[in-house]
Structures are given as C-alpha cells and as structure tokens.
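In what follows, a single structure is set out as structure tokens and then discussed.
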C-alpha cells in the first residue's frame, strides 16, 4: 500500500482531525504513532486502527514539554521504526475574548500549545528524517491563519504563526528533501472547543455555516460544515511520495469559508 | 479492443492519417518522467466510472494528467491543437489499459468548445472532471521581452489562449455539471500569476487572471457542489520550459534553480525542476471524490520557488 513501511507520528490524534488522520494512514498501510495529552483517547484511536487491520501504538505526550516529546519520539522509533512523516496537529482553542482583554495566561497557553509545539516536535523528529534521506511534515494551521476573527485573536495569531513557521521550516529543510506543508481547516465538526474547556453552541455552528457580519462573514459556500475526514485526505496527500515537489504550502480545505 | 478502433476512426475522421511521431524526444515519450511509486489499485484513489476532459493533453502537464487519470480508471477525452501529440498520448493510455478519445480543436473558439464538450457527453455520458491544462507562454515575437514593447496582437493571443481558453472550457463543463449538482474543475495557473517576472508581463497577467477566475467561479458554483481549484506550477520540465527560462540547456536550468534576478530570484529551495507528474498528482487530488470540501484553492507545485 502507499504508506507500507512508513512510520507516521500524529499529535492530537486522540480525537477530531488527528484521529481521522491516524485512522486513514492506518488504512493505507502506515505504522501509526498516536500522540495525545489524553492517554485514554489515544488508546481508543489505536484500538480503532487495529480493529481495521492496521498497526498502531499510543503515545501519551504533552507537546509543550520538550523532554516528553523526546521520550515519545524515542519510544516510537524503538517500536515502529524511524519516523518518516510527522503531523503536528495538536492544538487548542480558548474562550471568547477581545484582544484588549486577553490576559497573559491565554497567550502563554495558546502560543505554547499551538505554535511552539510545532517547532519542538519538528526539532525532535527531523534527525530521524535526515537519516532516512527525506520526510514529510504537515502542520494544522487554519483559515484563522489569514482571516481575522473578532473573538479569538490569540488563536488567530497562533495559527498565523503556524503558517509562517511552516514556510520557514520548509526553506530550511528543503536541502534534506523534507517537505513542510500545512492544512487550513475552516469550521470542522470536532470537539476542539469542548476539549479546550470552552463553550460550544449550536448558534456558533449556525453562524459558521451561514455567515454573520461580525465573525464568519462568508459562511461556507459549499453548504456544509467540514468533517475531519476531509482534512485527513489532504494531510495524506501532502504526506505522499507524489507530493515531493510541494513545500511551504497551505492547503485550505474549508469549502471557501476563508475567502473573504 | 473496440475502443481502439473507435479512436482510430475518430482520429482519421478529424485529423487525417497519423504522421510520424518523434519517439526519440524524451519529453514526448515521458522518459524524463518520474516513475509512479504506488500502483493505482494500491493507493485507494479510484476514478472508475468517471468521465474526464483534459485540455492540452498532447504534451507536458496535460498528457501526464490524462495518463494519471486514465491509469486510475477514468475515461479521458483529450483536447488539443497538436494532432501528433494527441495520438502519442492515446498510445500511452492504451499501453496503460485506459480508454480515451482524442479531439482536435482550438479552445479559443467558444462554439467549438461547446460542441466538442457536448460530443463527449453524447459519447460517454455525464462529465465529472474538466482539467484546463492547455496554455502557452509565447504568443508571438514580443511575448518574451519588455512590457512596453508587447504588441497588441501578441497580448491578445496570450489572453485568448491562457485565460479565455480556460474560461470557455470551464463554462462549457459547468453547464453539463450544474443539473447534476456535482463536478470537478481544475485549472492550471502558474507561480508567474502571483509573483512578478521580468520580460513576461502578458504571460504573468494571463495566469493572474486564471487564478482569480478560479476563485470567482468557485464562489458561483459552490451552491451546485461543483469545486473549482487550480494548481500553480513552478519550473516544470515540459516542452514549454525552454521558452520560459531563455534556453533549454542544462546551464539555463541550473541558473534557474540557483536563482537569478529576472525570474526565480531566490531559486528553487527544493533544488530541482518539477516534473509533469508532480503537477498531475495535485490535479488528481483536486479531481478526486475525497476533495469535495476544497474549492477556490490555488496549490503551488513549485519546490517553493514562490516564497510569498
């Protein structure tokens, strides 16, 4: 199969986009390391992959802690082999806030979990890719990387950081035949807000789909909220051998949500 | 096989008997192309039962795309002005066990486009995929040179082929796709449509127009679940490359990869030229069922040649 003998490490794979991605890689023959801060969720993802006939291991890891990342990456290498594909998908949202009111705690938490984690995981994994003569890194950015939103300023900034970090890493790692790209989900049906301890509501989903002047102006022209599997297919494409000439790019899988 | 006979009949009806082909030209025979790493049936993406039109299918990106879609089970209608090239593409598709039909036409003529697309639908049923890969980078002697010196005729011709050709084909396809509320349109733009280049203003503008047309059409067709996206190739090893970079010699290629002030200022970070198959893979992804939530997207396949 397309990913036979390739080891993939997906962070934030205990749910949502990360889980769908880990499952899809498993179906395509990859050996999947399922990373998540929530060990029970990671185990559940692994069970699903194995039930479908794939190979997987669960890795409990807080991607803001470099020592935990190093240990996780070593464990993956020993069990599944050197990592060829890294999906930096772990991320959190935060409560609605204006930028004028956002406190230091929100900034520290959001920038650390959403942005710095991408750098730390990449630093930890790249030596294994260089050893193998190449690799693939795919980061989860967002339409919020380029479209301002009124109530999640710090989140927008963290994702804009992910987008540009993607490009800077792509420049630097090109010489090793490692491509670095991102996906830009729009509004996707996941537990992002619940998992971040933030209120999620039908009214918000409605505004995302149909548009409102304040935040989600264009709504979603393709007429439906995104599903995790859409993002998973995009990640798998960018991670494929066939995508070797694509680097520094962000694939916006958002039903035209972000074109406003 | 009966479709082979049908192809020969169509070919001889539309274009006269096939002429001698250039088997020793590696660009036409695909010897410089990358080998596929996974057999189509192993990578899970299927186009069985799909009808696709690919313009510019006589060479380069169009041919690579037609081959890729055909290998994955699509029936491919091949549009181009170049009869020899089309015939060679048919041969390659036959070797791959794929069904195809060639149509010689000029995509700058809107009526010809409408009629030919209607012919495809009449032969094979509803259209699923339209790939606009036909394009030029030299309309005439003033196309490559200072913008101040571009002749009106050369400017018009560049826009006619690169923009209007894409518009005519996309709209003709959309007419057939709309009642069925599904479809995939994929255009070939260029990094030159986003980053200014010296001495190529009419080409750059035509490709910038294709980019915006892609997004506008995406917005208009979203309500019909028809996605419209574009790939933006960087320096790609096709017959058009020589006229884009001022030479077909290895030195010209090396200079471009390393970077020089006229075109690829910062060079190509991935250190090599692109292959038509690289672009074809991205087109194929956009054309797949799995890509139903992407529209209005421009994806660079350029080794990071466009930095911003």
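The values are calculated or read from the model by the stated rules, or taken from the named source; none is laboratory data. Worth saying up front: this structure is predicted, and the values here are computed from it rather than measured. Cβ: placed from backbone, ideal geometry, glycine included. Neighbour counts: every protein chain shown.
Assorted remarks:
- Any chance residue A:175 is facing chain B (nearest Cβ under 9 Å), under 24 Å from residue A:119 (Cα atoms) and buried (at least 24 other Cβ atoms within 10 Å of the Cβ): no
- For the range B:282-298, filtered to residues that are facing chain A (nearest Cβ under 7 Å) and not in a helix (DSSP H, G or I), the residue that is nearest to residue B:213 (Cα to Cα) is B:296.
- Single match in A:150, A:163 (criterion: more than 17 Å from the chain's Cα centre (by Cα) and either at pLDDT 95 or above or not in a helix (DSSP H, G or I) (or both)): A:150
- Checking each residue of the range A:210-231 against the condition of being over 17 Å from residue B:230 (Cα atoms), part of a helix (DSSP H, G or I) and modelled with pLDDT under 90 gives at least one match.
- Top-ranked residue of the range A:240-260 - restricted to ones that are touching a strand residue (DSSP E or B) at 6+ places or on another chain (Cβ under 8 Å) and not in a loop (DSSP other than H, G, I, E, B), ranked as farthest from the other protein chains (Cβ to nearest Cβ): A:250
- Tallying residues that are under 23 Å from the mean Cα position of the chain (by Cα) and outside any loop (DSSP other than H, G, I, E, B) within the range A:192-209 yields 8.
Every residue, every condition in (1) crowded, with 20+ Cβ neighbours inside 10 Å; (2) touching a residue at least 40 places away in the same chain (Cβ under 8 Å), yes or no:
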{"position": "A:83", "(1), (2)": "yes, yes"}
{"position": "A:111", "(1), (2)": "no, yes"}
{"position": "A:117", "(1), (2)": "yes, yes"}
{"position": "A:127", "(1), (2)": "no, no"}
{"position": "A:138", "(1), (2)": "yes, yes"}
{"position": "A:166", "(1), (2)": "yes, yes"}
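- Screening the range A:6-37 for residues that are without any contact (Cβ under 8 Å) to a residue 40 or more places away in the chain and assigned to a loop (DSSP other than H, G, I, E, B) and picking the one that is surrounded by the most Cβ atoms within 10 Å (Cβ to Cβ) gives A:14.
- In the range B:240-262, the residues that are at pLDDT 75 or above form Cβ pairs under 7 Å with partners that are surrounded by 12 or more Cβ atoms within 10 Å (Cβ to Cβ) and part of a helix (DSSP H, G or I), at six or more places apart or across chains, as follows: B:240/B:60; B:252/B:245; B:256/B:245.
- Given (1) farther than 20 Å from residue A:94 by Cβ; (2) in contact with a strand residue (DSSP E or B) (Cβ under 9 Å, 6 or more places away or on another chain); (3) touching a residue at least 24 places away in the same chain (Cβ under 8 Å); (4) within 11 Å of chain B (Cβ to nearest Cβ), index of the condition residue A:237 fails: (3)
- Qualifying residue in the range B:244-260 (condition: assigned to a loop (DSSP other than H, G, I, E, B), on the phi > 0 side of the Ramachandran plot and within 9 Å of chain A (Cβ to nearest Cβ)): no
- From the options B:301, B:279, residue that is in contact with a helix residue (DSSP H, G or I) (Cβ under 6 Å, 6 or more places away or on another chain), more than 7 Å from every other protein chain (Cβ to nearest Cβ) and modelled with pLDDT of 85 or more: B:279
- Exclusive hit being touching a strand residue (DSSP E or B) at 6+ places or on another chain (Cβ under 8 Å), touching a residue at least 24 places away in the same chain (Cβ under 8 Å) and more than 11 Å from every other protein chain (Cβ to nearest Cβ), set B:209, B:189, B:218: B:189
- If you go through the range A:68-109 and keep only what is in contact with a strand residue (DSSP E or B) (Cβ under 6 Å, 6 or more places away or on another chain) and outside any loop (DSSP other than H, G, I, E, B), you end up with A:72, A:76, A:79, A:80, A:83, A:84, A:85, A:86, A:87, A:88.
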